[in-house]
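Everything below concerns the one structure shown next.
The values are calculated or read from the model by the stated rules, or taken from the named source; none is laboratory data. Being a predicted model, the structure only gives us computed values, none of them experimental. For neighbour counting, all protein chains shown are included, and Cβ atoms are generated from backbone atoms with ideal geometry for every residue, glycine included.
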Amino acid sequence: MSQHALVRDQLAPGEQRLILDPVGPDAALRDAIADATDGRWRAMSALLTASSGEWSLRTNRIRAIAAEVRTTAVVESWLATEPRNPDARIMEAAVAVERAILSHRTRNVEASKRLAEATLATAGLLADVRADPAPQVLALTLAQLAPARSQHNQRGPRALTADGPWTLLYEAHDRDPFNREAFHAMFKFWAARGLAESAYRFGLWAASEAPKGAAPLLLPLYGHIAVERGGTDPGRESARAHWHSDRQVRSDTDGALNKWFPYARTRTVPELSHLAYGLVRADRLAEASTVFDAMGPYGHTEPWSQLALEPEQVPEVIVSARDRARLMRRSPSGQDASRRPARPGAAQ
């Protein structure tokens, strides 16, 4: 994937260009990824050092870098130069996890080998790293590939929550309460295997425990999107009814909009993209326009790909939704402006 894709070079007056880039305005991360994909690791090393202690930001950056360099040998070069650097070991495991997931998704003949390599790398970190939640996040991410293991079938905190790798989640939470990457990895433990209802129930539990501004407040909304994705006609008119008529959907969307959006210390482009999607699907366009404003020029293909017949249509789907949302906000007949959340800020 390129660092970012510009969409609609020919713009009408006042129209905003769309930049498809989940990194968003994190320029330091973008620069580190650019260097790493060119085989240079020092910017990556410096970025992770600077992020130490800011665990939510750091784990997000680790995942983003690993996803971009999984087909390169840049981390191996770093380890060869600094074999005792703990961040190099973390990135080694992060890349191994990304490679294992990619191999599984593409049904590569080396999928079993990649899973074994990633399991070994994360196990070493779990034994050695004491404060950083990254080892637990990586192990949670990998768990979706080995759901039958006993450590991934532990009883949840409530009767409605499914069995899963709860000890890993609790350990990550102890190190960084409500860590975004940890809770999203736990959600994907079910969602990535098509178990959308189990993922949604987890999201409900997580949101009920989370304080204002915490990332898990978005998970019920992610759950509704996962349920839609797993339906017989995802993204089409027949799948829209629940966004309008289901009280639980509205309650979950309100929770994300009113408890997370105004208070979150950092808001990633993928998170904002999912919130905007839910609001657009419910025809809450004036409120969606505020979320689009927070994204600035940036966008993310997910979950908008559910509304496109072909991948190349996704950018136009996003731009169309953004334009309709902003038009509704300007219209005298649009939704009540008093319902829109305060402090739109910018994506981080």
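Annotations
- Residue in segment 19-29 that is surrounded by 14 or more Cβ atoms within 10 Å (Cβ to Cβ) and either basic (Lys, Arg) or in a helix (DSSP H, G or I) (or both) present: yes
- Evaluated against (1) in a helix (DSSP H, G or I); (2) crowded, with 19+ Cβ neighbours inside 10 Å; (3) at pLDDT 95 or above, Trp205 falls short on exactly one condition, (2).
- Residue that is touching a residue at least 12 places away in the same chain (Cβ under 8 Å) and farther than 29 Å from Leu204 by Cα, where the choices are Val97, Val129, Val109: Val129
- For segment 172-187, residues that are among the polar types (S, T, N, Q) and surrounded by fewer than 22 Cβ atoms within 10 Å (Cβ to Cβ) total 0.
- Taking each residue of segment 172-195 that is in the same structural domain as Gln154 (by TED's automatic domain parsing) and looking for partners that are basic (Lys, Arg) with beta-carbon atoms closer than 7 Å, six or more apart or interchain, yields Glu181/Arg63.
- Checked across segment 30-44, the condition of being on the phi > 0 side of the Ramachandran plot and outside the structural domain of Gly213 (by TED's automatic domain parsing) holds for at least one residue.
- Taking the criterion of being assigned to a helix (DSSP H, G or I) and either over 29 Å from Arg84 (Cα atoms) or in contact with a Cys (Cβ under 9 Å, 6 or more places away or on another chain) (or both), the only residue of segment 120-150 that qualifies is Ser150.
- Given (1) in contact with a helix residue (DSSP H, G or I) (Cβ under 7 Å, 6 or more places away or on another chain); (2) under 17 Å from Val137 (Cβ atoms); (3) not small (Gly, Ala, Ser), number of the condition Glu54 does not satisfy: (1)
- Qualifying residue in segment 70-93 (condition: in a loop (DSSP other than H, G, I, E, B), in the same structural domain as Ala34 (by TED's automatic domain parsing), within 17 Å of Met44 (Cα to Cα) and under 20 Å from the mean Cα position of the chain (by Cα)): yes
- Residue list for segment 295-311, filter: in a loop (DSSP other than H, G, I, E, B) and under 14 Å from Asp21 (Cβ atoms): Gly296, Pro297, His300, Thr301, Glu302
- Among the residues listed as Ala256, Ala264, the single one being more than 21 Å from Leu327 (Cβ to Cβ), over 14 Å from the mean Cα position of the chain (by Cα) and assigned to a loop (DSSP other than H, G, I, E, B): Ala264
- Criterion (under 18 Å from the mean Cα position of the chain (by Cα) and exposed (fewer than 14 other Cβ atoms within 10 Å of the Cβ)) met by exactly one of Arg105, Arg130, Arg61: Arg105
- Residue check for Arg61: modelled with pLDDT of 95 or more and either aliphatic (A, V, I, L, M) or farther than 26 Å from Arg193 by Cβ (or both): yes
- Any hit, segment 305-319, residues being within 24 Å of Asp252 (Cα to Cα), in contact with a strand residue (DSSP E or B) (Cβ under 7 Å, 6 or more places away or on another chain) and not small (Gly, Ala, Ser): yes
- Residues of segment 94-119 that are in a helix (DSSP H, G or I) and of a type in the set (D, E, K, R): Glu98, Arg99, Arg105, Lys113, Arg114, Glu117.
- Only one entry in Asp174, Asp233 is modelled with pLDDT of 95 or more and either farther than 20 Å from Thr253 by Cβ or part of a helix (DSSP H, G or I) (or both), namely Asp174.
- The residues listed here are Ala100, Ala32; of these, the one that is modelled with pLDDT of 95 or more, surrounded by 15 or more Cβ atoms within 10 Å (Cβ to Cβ), over 23 Å from Leu142 (Cα atoms) and of a type outside the set (S, T, N, Q) is Ala32.
- Residue match in segment 251-272 (condition: of a type in the set (Ser, Thr, Tyr) and modelled with pLDDT under 95): yes
- Screening segment 16-60 for residues that are of a type in the set (Val, Ile, Thr) and free of Cβ contacts under 8 Å to residues at least 40 places away in the same chain and picking the one that is nearest to Pro315 (Cα to Cα) gives Ile33.
- Only residues that are surrounded by fewer than 22 Cβ atoms within 10 Å (Cβ to Cβ), among the charged types (D, E, K, R) and closer than 19 Å to Pro133 by Cα were counted across segment 35-58, and they come to 1.
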